[in-house]
Amino acid sequence: MSIQIILGFDFGIKNIGIAIGQLITGTTSPICSLKSKEGIPDWTKIGKIIKEWQPSAIVVGLPLNMDGTEQHITNCAKKFADYLNDKYSINVYMQDERLSTIEARSELFRCGGYSALIKKSIDSNSAAIILQDWIIGYLSK
């Protein structure tokens, strides 16, 4: 099966941003942000999103320090990705997410000023940026 629709996740201990992308157009769009409780996602809501969009692949942001070393949340994001792969039998890819949140904030501010800097918007826009970076890499292969 070829990859067409892709879901992107910006995993966080308190919030998880979600975006959708497609290879045909090479575009991404933020969907939503879900709350987590101490790093535990709402798997029911994630399941509903996966069922609704029926992605052929999933991309999860890989949080790394600026020097490329791992941090505590790196392992949490990897476990999240592994769980998605095991539970939904969908190929899950990890994508370096360094500076994605800063880029998302900058873009939101540019488009709407301070009032656009809502946490939910930042997380879902960050997921769209992570997904866009993965799509660019995938299409350039």
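The values are calculated or read from the model by the stated rules, or taken from the named source; none is laboratory data. No experiment lies behind these values; they were computed from the predicted model shown. Glycine gets a Cβ as well: all are built from the backbone with ideal geometry, and neighbour counts include every protein chain shown.
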>> Exactly one of these conditions fails for ILE13: (1) surrounded by fewer than 16 Cβ atoms within 10 Å (Cβ to Cβ); (2) out of contact with any Cys (no Cβ under 9 Å at 6 or more places or on another chain). Give me its number.
In response: (2)
> If you take the residues in the stretch 18-27 that are surrounded by 14 or more Cβ atoms within 10 Å (Cβ to Cβ) and either at pLDDT below 95 or not in a strand (DSSP E or B) (or both), which one is farthest from the chain's Cα centre (by Cα)?
Replying inline: LEU23
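Scan THR74, THR69 and give me the residue that is under 14 Å from the mean Cα position of the chain (by Cα) and among the polar types (S, T, N, Q).
Values: THR69 fails: under 14 Å from the mean Cα position of the chain (by Cα).
Only one candidate qualifies: THR74.
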>> Tell me whether the stretch 36-57 contains one or more residues that are at pLDDT 85 or above, more than 14 Å from GLY17 (Cα to Cα), touching a helix residue (DSSP H, G or I) at 6+ places or on another chain (Cβ under 8 Å) and polar (S, T, N, Q).
In response: no
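Would you be able to say whether some residue in the stretch 53-74 is in contact with a Lys or Arg (Cβ under 7 Å, 6 or more places away or on another chain), within 25 Å of SER140 (Cβ to Cβ) and aliphatic (A, V, I, L, M)?
For the stretch 53-74, residues in contact with a Lys or Arg (Cβ under 7 Å, 6 or more places away or on another chain), within 25 Å of SER140 (Cβ to Cβ) and aliphatic (A, V, I, L, M): present.
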>> Looking at the stretch 62-80 only, could you name the residues that are hydrophobic (A, V, I, L, M, F, W, C), surrounded by 10 or more Cβ atoms within 10 Å (Cβ to Cβ) and without any contact (Cβ under 8 Å) to a residue 60 or more places away in the chain?
In response: LEU62, LEU64
> Which pairs do you get when a residue that is over 20 Å from SER140 (Cβ atoms), found in the stretch 2-26, comes within reach of a residue that is of a type in the set (A, V, I, L, M, F, W, C) and part of a loop (DSSP other than H, G, I, E, B), reach meaning Cβ atoms under 9 angstrom, with the pair 6+ apart or on two chains?
Replying inline: LEU7/ILE90; GLY17/PHE11
> Which condition number in (1) surrounded by 12 or more Cβ atoms within 10 Å (Cβ to Cβ); (2) free of Cβ contacts under 8 Å to residues at least 40 places away in the same chain; (3) in a helix (DSSP H, G or I) is the one that LYS35 fails?
Replying inline: (3)
